Amino acid sequence: MATDAPTTDPTAGDLEWLSLEDGEEIVWAGGPDRRTLLPAFLIGIPLAIILIGILIIVGEYLRITNTSYVVTTRALYRKSGVLSRDVKRIEHEKVQDISYTQSALGNHFGYGTVEVSTAGGAGVEMAFSSVSEPRDVQHLIGEQRKRSRSSAGSRDRDADRPADEVLEEICTELREIRTLLEDSTNSSRRTPDGDSSHDIPGTDRETTQTGSSGPRSR
């Protein structure tokens, strides 16, 4: 049973880092669910007295807010990094397997990790960690992969056509055009039946006058 496409997460943040190709459009954008900060708070608050807890909370917050995931009509993108920036891109045509996992806490709050493997790759090549509604995101990626492969298959079939077949089609079209031109030329030159008198204007009138003329008797 197909699920509804997930909506773009408003916490996805600014996508100025994203460089799209001509004709490429964003289908979905998101990031880690903010509720994944709960374990950091549970660990950090008791340790806040010695400042380590504060560092744990701040570090996890910066990691989550600086991580973005994007699904476009052509590829998957993952951006991460606080001080630096790491952007990874995988085209839909290269995606081999899509799966998702949920921890006990993630299953309760409705978030999980979507993992993507590529053909010829070693294990998981990209992971959308802690995204809301991971099942819907998995389904969305699968649909985009199917459409991309369908389009690629059509392009490959056109590219793999034998040169002889293409040449034969061109020759056939040229012969049809030549036939149409010849028919048009012949039609313009053809004279309608019964209109031969119009070729020499006044012929009948002159013949009649000639036949009636002669010496008059006085």
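The values are calculated or read from the model by the stated rules, or taken from the named source; none is laboratory data. In this text, all values refer to a predicted model and were calculated from it rather than measured experimentally. Cβ placement follows ideal geometry from the backbone for every residue including glycine, while neighbour counts extend to all protein chains displayed.
The set of residues from the stretch 1-31 being of a type outside the set (A, V, I, L, M), under 14 Å from Val137 (Cβ atoms) and modelled with pLDDT of 60 or more comprises Pro6, Thr7, Thr8, Trp28, Gly30, Gly31.
Residues in the stretch 66-85 that are in contact (Cβ under 8 Å) with a residue 12 or more places away in the chain and of a type in the set (S, T, N, Q) were compared, and the one that is farthest from Glu143 (Cα to Cα) is Asn66.
Among the residues of the stretch 150-179, just one is surrounded by 13 or more Cβ atoms within 10 Å (Cβ to Cβ) and either of a type in the set (A, V, I, L, M) or modelled with pLDDT of 80 or more (or both), namely Ala152. Take the residues in the stretch 98-115 that are in a strand (DSSP E or B) and of a type outside the set (S, T, N, Q); name whichever of them is surrounded by the most Cβ atoms within 10 Å (Cβ to Cβ). Per the criteria, the residue is Val114.
Taking the stretch 54-65, which residues are without any contact (Cβ under 8 Å) to a residue 60 or more places away in the chain and surrounded by 17 or more Cβ atoms within 10 Å (Cβ to Cβ)?
Answer for the stretch 54-65, where residues must be without any contact (Cβ under 8 Å) to a residue 60 or more places away in the chain and surrounded by 17 or more Cβ atoms within 10 Å (Cβ to Cβ): Ile56, Ile57, Glu60, Arg63.
Against the list (1) in the same structural domain as His108 (by the TED database); (2) of a type in the set (A, V, I, L, M); (3) closer than 30 Å to Lys94 by Cα, the condition Ile56 fails is (3).
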